[in-house]
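Have a look at the structure below, then the notes.
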Amino acid sequence: MEHEDPRNGESPHRSSKKPKFSSNYIPESEIRDEFSHHQPRVARINNGSFGSCPGSVLAAQRRWQLQFLRQPDAFYFNTLRNGITASRMIIKDLINADHVDEVSLVDNATTAAAIVLRQIGHSFAEGKFKKSDTVLMLHCAFQAVKKSIQAYVTRAGGSVVEVRLPFPVNSEEEIISEFKKSITEGKSNGRKIRLAIIDHITSMPSVVIPVKELVRVCREEGIDQVFVDAAHAIGSLKVDVKEIGADFYVSNLHKWFFCPPSVAFLHCKKANASSDVHHPVVSHEYGNGLPIESSWIGTRDYSSQLVIPAVLEFVNRFEGGIEGIMERNHEQVVKMGKMLAESWGTNLGSPPEMCTAMIMVGLPSRLCLNSEEDASRLRSYLRDCHEVEVPIFYQVPKDGEDGVRDNDGCITGYVRISHQVYNTLDDYEKLRDAINQIVKDGKTCKMLCIE
């Protein structure tokens, strides 16, 4: 049998018991207490950007921090590695990974992108890949991922093909069709696609992508590796890495899984956990495998990685645990999205089955949202004048296409609303009324003044 590094924490006596859910589910008053550190009166319907961490988990984080500060040497030699391993074991079970040494804890999805793209960039730089070979990505990929491609891939001579996804979107088939067209482009003139980067849930606009089907297409088309950027996934939809079948899969734990910022998991298939995959911060553990490299990148605060057991305790206080939370968040965000669209006379950006705990809702065309600057101005106005925090998306009109219309014109702006356990109906009514008041006053985005 292949020797297993005991630092990975695999034990022959490991328990496979299912999590125990509380028989006395958390009441509304306790949910309010858990998030009482949130700024009062602010309609915080933007959980998708920075997430949220309950007070009980913050208290657990503080205990870990104090334990380190009291006796750092004992913490480093006796506690840290085992604590991180315990967290990795929880994630392994949650995502249905084969082995704990497939799971690394890193700061965020941006760090994971650097890990994956760095090894791709090295292959271009070292001549393993031809300069004409390509990386495939969605055009709406997170900006930090695009910058990582620029830093690691194009700088080393690789090229990029972007998949232009439709929005608003009506079906998964529309996405799959555009993806296949881009693969044909990427393989033209004898080129090879060395890596496909696929979002599981795009950020702006927010849409659930059929990753399992796209990974299957990649395999059929002979694409070398597939990296799924699932920054918003864990805690908002079921994640089964074996079913998805990607080579690399990352998801932030501080967005929808209630961890404090910042922490993410990166799953690397055992076959891909090669010596070429390293943490970009090189420290004492370099060469001992990515999970071990990631567990020590120098003196820093590791508490966000250590509180995952406390997070599991928190979510299991809810009926159905994390799956129950995901189901209720989805139901509520769809309900709130439909309420807003009806009030504003607009549309949803995707069918309900193509969203999770976030949904895109069209803004009234009378706002005349015609640029990124308009979107930014409207967002700031809602924050500063109405105490509403929500992202605004500007939909660039396509040449020759009128797009989706309301009774007054073409819809070019959307809000991305989120729903998390602390949200109430009042939050969404506050947004609804703020937009309606702007329209009633006859103001456009360019006319909004922030005092």
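The values are calculated or read from the model by the stated rules, or taken from the named source; none is laboratory data. Quantities reported herein were computed from a predicted structural model and do not represent experimental measurements. Here Cβ is always computed from backbone atoms with ideal geometry, including for glycine, and neighbour counts include all displayed protein chains. For accessibility, only protein heavy atoms count, side chains too; no ligands or nucleic acids. Shrake-Rupley method; radii C 1.70, N 1.55, O 1.52, S 1.80 Å.
Things to note:
- For residue 289, the conditions (1) under 28 Å from residue 356 (Cα atoms); (2) in the same structural domain as residue 99 (by the TED database) all hold with the exception of (1).
- No other residue among 160, 215, 169 is open to solvent by less than 10 Å² (accessible area, probe 1.4 Å), outside any loop (DSSP other than H, G, I, E, B) and assigned by the TED database to the domain that holds residue 270 apart from 215.
- Members of segment 120-145 that are under 28 Å from residue 208 (Cβ atoms) and more than 17 Å from the chain's Cα centre (by Cα): 120, 134, 135, 136
- Within segment 188-212, being open to solvent by 10 Å² or more (accessible area, probe 1.4 Å) and without any contact (Cβ under 8 Å) to a residue 40 or more places away in the chain holds for 188, 212.
- With respect to (1) buried (at least 17 other Cβ atoms within 10 Å of the Cβ); (2) in contact (Cβ under 8 Å) with a residue 60 or more places away in the chain, the lone exception for residue 323 is condition (1).
- Residue match in segment 394-407 (condition: under 25 Å from residue 426 (Cβ atoms) and either open to solvent by 30 Å² or more (accessible area, probe 1.4 Å) or assigned to a strand (DSSP E or B) (or both)): no
Condition check ((1) free of Cβ contacts under 8 Å to residues at least 24 places away in the same chain; (2) outside the structural domain of residue 442 (by the TED database); (3) surrounded by 17 or more Cβ atoms within 10 Å (Cβ to Cβ); (4) among the β-branched types (Val, Ile, Thr)) across all residues:
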{"residue": "339", "(1), (2), (3), (4)": "no, no, no, no"}
{"residue": "349", "(1), (2), (3), (4)": "no, no, yes, no"}
{"residue": "352", "(1), (2), (3), (4)": "yes, no, no, no"}
{"residue": "364", "(1), (2), (3), (4)": "no, no, yes, no"}
{"residue": "373", "(1), (2), (3), (4)": "yes, no, no, no"}
{"residue": "382", "(1), (2), (3), (4)": "no, no, yes, no"}
{"residue": "390", "(1), (2), (3), (4)": "no, no, yes, yes"}
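- Single residue of segment 412-450 satisfying the filter (in contact with a Leu (Cβ under 7 Å, 6 or more places away or on another chain) and assigned to a loop (DSSP other than H, G, I, E, B)) that is nearest to residue 357 (Cα to Cα): 412
- Only one of 253, 312, 266 that is touching a Cys at 6+ places or on another chain (Cβ under 6 Å), hydrophobic (A, V, I, L, M, F, W, C) and modelled with pLDDT of 95 or more: 253
- Restricting the first member to segment 44-66 and to residues that are over 22 Å from residue 387 (Cα atoms), and the second to residues that are small (Gly, Ala, Ser) and not in a helix (DSSP H, G or I), the beta-carbon pairs closer than 7 Å and six or more apart or on different chains are 55/36.
- The C-beta contact set for segment 224-252 (first residue hydrophobic (A, V, I, L, M, F, W, C), second residue open to solvent by 20 Å² or more (accessible area, probe 1.4 Å) and part of a helix (DSSP H, G or I), distance under 6 angstrom, 6+ apart or interchain) comprises 244/212.
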